[in-house]
Structure formats: C-alpha cells, structure tokens
Amino acid sequence: MPVSKHYTGLAGYSHDPALAPVQAGVLLVNLGTPTAPTAKAVRPYLAEFLGDPRVIEYPRWLWWLILHGVILRVRPKRSAHAYARVWTEQGSPLRSGSEALADALQAELARRRPGPIRVALAMRYGEPSVRRQIEQLQREGVRRLLVLPLYPQYSATSTGSVFDAVADALKLLRWPPELRLINDYHDDPAHIEALAQNIERWWAEHGRGDKLLLSFHGIPERYLRAGDPYFCQCHATARLLRERLGLGTDHVLISFQSRVGRERWLHPYTDATVRELAKAGVQRLDVVSPGFAVDCLETLEEIAMQNREFFLTAGGRDLRYIPALNDSPGQVSAMAELVLRHTQGWLEFASDYDADAAHARQLAAKARAVALRGRSG
C-alpha cells in the first residue's frame, strides 16, 4: 500500500511537518540579577531567590513570615544601594559578563567543531529564565542539551537549584531533549590552570601582595553536616591552586563571605579574616574569589569595596581584588574542553561532523516513521 506524503490520521493533523535542523545545545546558567539597581526591581528578584527552598532550608511557613514580614521590607533598599555602586552602562556586571562568556564559548566551540552547536545563557533567578531558554532552544531544533551551571563547586543551594529549575522546565515539554548535566568542575585541571594564570598575570602587572586570600561564597554550616560537598570542594580547589602557584599554606589562605542571619556559616569569615590580617601586620592583601565564574555584586562590591574598607580601617595599607576569569581566553578554553568531554558520543560534537550525512539520516528516520504509521493506518 503506497504511503501518502502527509499521513493525516487524527483530524487532518500532519505527522510529517517540515524537518527542523537538529542541533545540540549548551545552556550556561548563572545566579541572576535584578533588572535595575532600584528597590522596586530588587524586591521581586530577592523574593524569588530567597524564596527558593534550596537556598533557605527553613520550614516554609516560618520562612514565608520572616521573608515577607521582615526581609523584603528592609533588604531591597539596602541591596539596591549596593547594586548601584557596581552598575555599569551595560547594566548588571553579572548579566553582561555572563553574556560575554556565552558569546565567547559559542565562538570557541564553532572554531573547534563543525557541527550545529548552540550556546545559550539562562539565569536561575530573573531573566532570561531557565524555562524560557530551554523552550527557545527546543524551538530552534535542539534535541541534545548539556547544562553547565557557572558554579565550579557544587552546592545544593546553587547547582542543585539549577537542576531543579531544569527539571521543572522539562516537565512542561511534550518531547524533552536528551539531557546531560555538569555537576561541578572544582578540580578540573584546565580550570585550575586558568585560575593560576589569571593570578600570575595580575601579579606580573601589579606586583604580589603579602598574602593571597581565596574567598568563597558561604553557606550555613548545617548544610555541610547534612551532606553538602561544597566546603570540601572549596578546600580542594584551594589546595590545587596553591600547589599550582607553588605557594605554602602560610601565604595562601581561605575564607568564606556573604553570610547573613545569626546562625553559624562556613568559616573563617572573610570580613573577620581581613581585619585579623591587617591587625597582624599584613600591609598588602590580594583577594580572589574562585567560586565565581563572572564578577558580580559579591566580588565587585562586597570584596573590592566593603572588605577593602574593613582591611584599611583595621590598619592594612591596600586590599587588591583580582578579577574573576570572566570571558578570558583561559576560562573560555577550559569551558570548551569541559563541554567537549561531557558531550562525547553526541553526533553534533563530533570532530568529523558531516551536515549532509546528518540531514540524510534525519530524512531517512522521518521516512521510516511515516511508513510505519501508514502501514498501521
């Protein structure tokens, strides 16, 4: 029995639509940012961020009362002031820096591989959302998707929350793409090398301080006791970086920043550490934040401004912040290698990808499916 060109078994619906070109996608995900440095814009961003049960592990009813009854009445104005100190003509440094990194990674993958690979950027909180970007990638023909959270060290509060958002987005799709997730890259050799070279280049230009402080974002200490690997991965990154730089534990220190609330967080705390170092006679302190792929409020305002002031007030002469990797060639190359390692076996990432052969296989597969439906009808 001949097979019609368009099988219409259900109310005239065509089961043979025009073939969209199949692509593979890489979705970078960063934390997110408000749309403007104003209390009005910061409030919904903070509500989404602090309302995430992965971030604050309190009973929901209790935390809702605290968040909406106290925090969101006070904190947006204070946070807006901090954002205003780092806002640029391009807007949020985290947003513009993440976009630059995504563009650079797109170009680097195109240079290394001939296949159709689409790099996109999403924000866990705010826009562009994970859901919106996954839906857009599917419309563009992405059938295989690698998700790369821009957090070198895994924590349930960051990477785990990204995975939640990805799962929520996929649940809404009739035909989700094949999915792979990068859990962390805290000890990736190329990443450690990029960090080390970034520090060495900065020292070559500005000179080396008396000490190097590695300041990671903090989380409540009870999260560590619950099984979160973040603390251990931060220390692993610090050890590998220290060894690569050829420095001892007396010169390279570790601390944790950005704590809020009264409960005990991972320690030593960055603000207390910079004060103690200044009082101990350290005059020039270099600080780098290896947990941040792109510079943001926590690095540009909290470290380079707030903690610099703490250090100077306590008697130090200069605190110098060493920028994050951002869209530097080292970070872009390291991420490209990470992506290629995690996408092995996917046709679009093959070094010998043949577009004509891939399209022919796609047409043949569609023809077989239509023929089977025709025979079953």
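FYI, it's all coordinate maths here, none of it is from the lab. Treat the numbers as computed from the prediction; the structure is a model and nothing was measured. So basically every Cβ, Gly included, is an ideal-geometry build from the backbone, and we count neighbours across all protein chains shown.
Taking every C-alpha pair closer than 8 Å and separated by at least 6 residues, the mean separation divided by the residue count of the chain gives a relative contact order of 22 percent.
Assuming charge only on the beta carbon of Lys and Arg (+1) and of Asp and Glu (-1), the dipole of the stretch 189-321 about its Cα centre is about 320 debye to the nearest 20.
Cut-off 10 angstrom, C-alpha nodes, Gaussian network model of the chain. Which of I71, I254, I303 fluctuates the most? Of I71, I254, I303, the Gaussian network model singles out I71 as fluctuating most. Cα axis of helix 130-139 to longest principal axis of the chain: angle in degrees, 0 to 90, nearest 10? The helix 130-139 is inclined about 30 degrees to the chain.
Distances between placed amide hydrogens fall under 5 Å for R320 paired with L285, D286, V287, all partners being 5 or more residues away or on another chain.
For the options A120, A280, A102, a Gaussian network treatment of the chain with springs between C-alpha atoms closer than 10 Å singles out A280 as fluctuating the most.
Residues whose amide H comes within less than 5 Å of that of I254, counting only those at least five positions distant or on another chain, are L214 (H built at 1.01 Å from N in the peptide plane). The C-alpha radius of gyration of the chain, expressed as a fraction of 2.2 N^0.38 Å, stands at 1.14. Here the extension length gained between E178 and R375 equals 68.1 nm, from 0.36 nm per residue of separation less the Cα-Cα distance.
A simple charge model with +1 on the Cβ of Lys and Arg, -1 on the Cβ of Asp and Glu and nothing else charged puts the dipole of the stretch 116-216 at about 520 debye relative to its Cα centre. Of the residues R341, R144, R78, the one with the fewest other Cβ atoms within 10 Å heads the list, and the complete ranking is R78, R341, R144. Computed over the stretch 16-139, the P(r) tail beyond 21 angstrom holds 53 percent of alpha carbon pairs. Here each label is just a point 7 Å from Cα along the line to Cβ, and for T249 and E193 those points are 2.8 nm apart. Each residue, A110 and Q344, gets one label point 7 Å from its Cα in the Cβ direction; the gap between the two is 2.8 nm.
The angle between the Cα long axis of helix 72-86 and the longest principal axis of the Cα atoms of the chain comes to about 90 degrees, rounded to the nearest 10.
Over the stretch 189-321, the fraction of Cα-Cα pairs per 10 Å bin, rounded to whole percents and listed from the shortest bin up, is 12, 44, 36, 7, 0. As an exercise, use a Förster radius of 30 Å and the Cβ-Cβ distance of H206 and R78 to find the FRET efficiency, rounded to the nearest 0.05. It comes to 0.40. To the nearest Å, what is the center-to-center distance of the stretch 70-105 and the stretch 256-329, using C-alpha atoms only? Each part reduced to its Cα centre gives a spacing of 18 Å. Estimated at 0.36 nm per residue, the fully extended path between R222 and A36 surpasses their Cα-Cα distance by 63.6 nm.
Arranged from fewest to most other beta-carbon atoms within 10 Å of their beta carbon, V22, V274 become V22, V274. Computed over the alpha-carbon atoms, the stretch 257-357 gives an Rg to Rh ratio of 1.23, Rh here being the Kirkwood radius from the mean inverse distance.
Counting only DSSP H runs of at least 4 residues, each contributing -39500 (n - 2.57), and dividing by the residue count of the chain, the helix-based mean residue ellipticity at 222 nm comes to -14000 deg cm²/dmol. Under a model in which nothing but the beta-carbon of Lys, Arg (+1) and Asp, Glu (-1) is charged, the chain shows a dipole of about 1100 debye around its Cα centre. Of the residues R118, R284, R60, the one that moves most in a GNM of the chain with alpha-carbon contacts below 10 Å is R60. One chain, two ends: Y58 and A167. Fully extended at 0.36 nm per residue, the span grows by 37.0 nm beyond their Cα-Cα distance.
Please name whichever of L137, G316, L31 sits farthest to the positive end of the charge dipole of the chain, dipole taken about the Cα centre and charges placed at Cβ: Lys and Arg +1, Asp and Glu -1. After comparing all options, I get L137. Compared with the dominant principal axis of the Cα atoms in the chain, helix 159-170 is inclined by about 20°.
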